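Peer 1: Please find one structure pasted underneath; my questions will follow.
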Amino acid sequence: MIDLAALRQDPESVKRSQAARGESVELVDQVLVADANRRTAVGEFETLRASQKAIGAQVAKASGDEKQGLLAQTKTLSDQVKAAENSLREMDSALESLVLGLSNVVDPAAPVGGEDDFVVIKEVGTKRDFAAEGIAIRDHVEIGELLGAIDIERGAKVSGSRFYYLTGPGAMLELALVQLAMNTAQNNGFTPMIPPALVKPVAMEGTGFLGQAAENVYRLEADDLYLVGTAEVPLAAYHMDEILEGNLPRRYAAFSPCFRREAGSHGKDTRGIFRVHWFDKVEMFSFCPVDEAVAEHQRLLAYEEEFLQALEIPYRVIDVATGDLGSSAARKFDCEAWVPSQERYREVTSTSNCTTFQSRRLKIRSRSADGIEPIATLNGTLCAITRTIVALFENHQEADGSVRIPKALQPYLGGASHFKLK
């Protein structure tokens, strides 16, 4: 949630942010008007309450006709106070609704533009020359079928399009990736977590997923619960309505299933398991002091890179443009793995600095020597299982259809060096 005090002081910076995102600039003025009207209403309400209390004090001392007259005034004031209170409540609701429509203020360092206006920060690793090796590139679907690792046909039969089964080596690879990711996170100071995958509306809204991202969220109407699209949601809400005492940053790493409707992706990545309705993921999350958030963001990115390097996958890091940040992020970095069959980089991990946007909505603060203060939240995907499997299978494929297992994963797979044909 935007800090209203900061918005009043510098509305132009919020307008510039909205424009950079390609979102409504007029909404800023609407918020300012609603805020001014509410503050005027608060003053009127407090004046009426003060009059009510003053007359109440006079009633106790009065008698006879004077007392009756004061009692009549008290009745009139009581009605006026009640009406003012109801009006103020409506104004509060209207203002909150408008403020919730504003996205986080973007970091001035983020590149301005749409999905294709990102800036490449670096490329890491060497892409294999499959032609020089005499290997005809297979995509992950063909590799998965040869290995008996992926069954898309039966996934569609049972659940519909964009569903799948991981079987045999595919299932074991997921478990290995989860163990490696959780161990990596724990070694870097994160507390392992297994969070709920169903959350209340307040958690989903508080993290910013019921605004522009709502179309991709699954809702269980009978229970008024939402299936999370990322463990970011239950991790952010873990300290909802709390004041954190010391010991910052607090870092958590969660393994969870993720569910996404993939609305608007018709015709995109329909083959295979790159873009699916359900997948498992290991997600990092950090609550940290506001003045440490930029450095913490770089740390999360470094952990993501550490993981991809351990898997020996060529990748690049991009600085995501303002129009593609999502409502909560002020700045976002993506790691994109090289996918040989597509001859392009594809997103496999992402890390976002959400500054105080989520913590204000979720009412999370910290206590320091200076008193109660806002707190920043950051998130970062350490391993999105299906996309990582795509990158692993394709980059480590051999001529005979087998797949080389990176050394970092071998201890979790019985020391095997390859996934061999079934």
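Peer 1: Using a simple charge model, +1 on the beta-carbon of Lys and Arg, -1 on the beta-carbon of Asp and Glu, nothing else, what dipole does the chain show about its Cα centre, in debye to the nearest 20? Please report the intermediate quantities before stating the final value.
Peer 2: Values: 46 positive and 60 negative charges, 148 e Å.
Taking the Cα centre of the chain as origin, the dipole is about 720 debye.
Peer 1: Arrange the following residues from fewest to most other Cβ atoms within 10 Å of their Cβ: I318, I405.
Peer 2: Working: I318 20, I405 23.
In order of increasing Cβ crowding within 10 Å: I318, I405.
Peer 1: With just the Cα atoms defining each centre, how far is the range 54-123 from the range 384-422? Give it in Å.
Peer 2: Each part's Cα centre sits 58 Å from the other's.
Peer 1: If you wrap a convex hull around the C-alpha atoms of the range 70-122 and split its volume per residue, what is the figure in Å³?
Peer 2: On the way: hull volume 5.3 nm³, N = 53.
Cα-based convex hull of the range 70-122, divided per residue, equals 100 Å³.
Peer 1: 222 nm [θ] for the chain, helices only, -39500 (n - 2.57) per DSSP H run of 4+, per residue, to 500?
Peer 2: On the way: 13 runs with 176 residues, N = 422.
Calculated mean residue ellipticity at 222 nm is -13500 deg cm²/dmol.
Peer 1: Let me ask something else about it. With all distinct Cα pairs included, what does the Kirkwood hydrodynamic radius of the range 4-100 come out to in Å, to one decimal, could you say?
Peer 2: Numbers: mean 1/r = 0.0628 Å⁻¹.
With all distinct Cα pairs of the range 4-100 included, I get 15.9 Å.
Peer 1: For the chain, give me the percentage of DSSP beta bridges that are antiparallel, rounded to the nearest 5 percent. Intermediate values should be presented prior to the final figure.
Peer 2: On the way: 54 of 60 bridges.
For the chain, the DSSP antiparallel bridge percentage is about 90.
Peer 1: Enumerate the residues in the range 242-282 having an amide nitrogen under 15 Å from the point lying 7 Å beyond the Cα of R367 toward its Cβ.
Peer 2: So the set is 242-248.
Peer 1: Using the Cβ atoms and a cut-off under 14 Å, what net charge is assigned to the surroundings of S87, where Lys and Arg are +1 and Asp and Glu are -1?
Peer 2: On the way: positive: R38, R39, R49, K82, R89; negative: E44, E46, D79, E85, E90, D92.
With Lys, Arg at +1 and Asp, Glu at -1, the net is -1.
Peer 1: Taking N as the number of residues in the chain, what is its Cα Rg relative to 2.2 N^0.38 Å?
Peer 2: On the way: Rg = 27.0 Å, N = 422, 2.2 N^0.38 = 21.9 Å.
Dividing the Cα radius of gyration by 2.2 N^0.38 Å gives 1.23.
Peer 1: If you filter the range 80-186 for trypsin sites (Lys or Arg not before Pro), then keep DSSP loop positions with at most 13 other Cβ within 10 Å, what is left? Walk me through the numbers on the way to the answer.
Peer 2: Details: sites: K82, R89, K122, K127, R128, R138, R154, K157, R162; in loops: K127, R128, R138, R162.
Qualifying residues, ordered by number: K127.
Peer 1: Which of the helices in the chain meet the span-like rule: DSSP H, Cα axial reach of 18 Å or more, Kyte-Doolittle mean at least 1.0? Spell out each step's value before the answer.
Peer 2: Details: long enough: 26-61 (54 Å, -0.10); 64-100 (53 Å, -0.43); 169-187 (26 Å, 0.54); 293-310 (26 Å, -0.24).
The answer is none, since no helix passes both cut-offs.
Peer 1: If neighbour count is taken as other Cβ atoms inside 10 Å, put L378, L71, L7 in order from fewest to most. Walk me through the numbers before you get to the answer.
Peer 2: Details: L378 29, L71 14, L7 19.
Going from least to most buried by this count: L71, L7, L378.
Peer 1: Right, next: Less than 14 Å Cβ to Cβ from T126, Lys/Arg counted +1 and Asp/Glu -1: what total charge do the surrounding residues give?
Peer 2: On the way: positive: K122, K127, R128, R316; negative: E123, D129, E133, E312.
After counting each charged neighbour, the total is 0.
Only the coordinates and a few stated rules stand behind these numbers; no lab work does. Note that the structure is predicted; figures quoted are calculated from it, not measured. All Cβ positions, glycine included, derive from the backbone under ideal geometry; neighbour counts span all protein chains shown.
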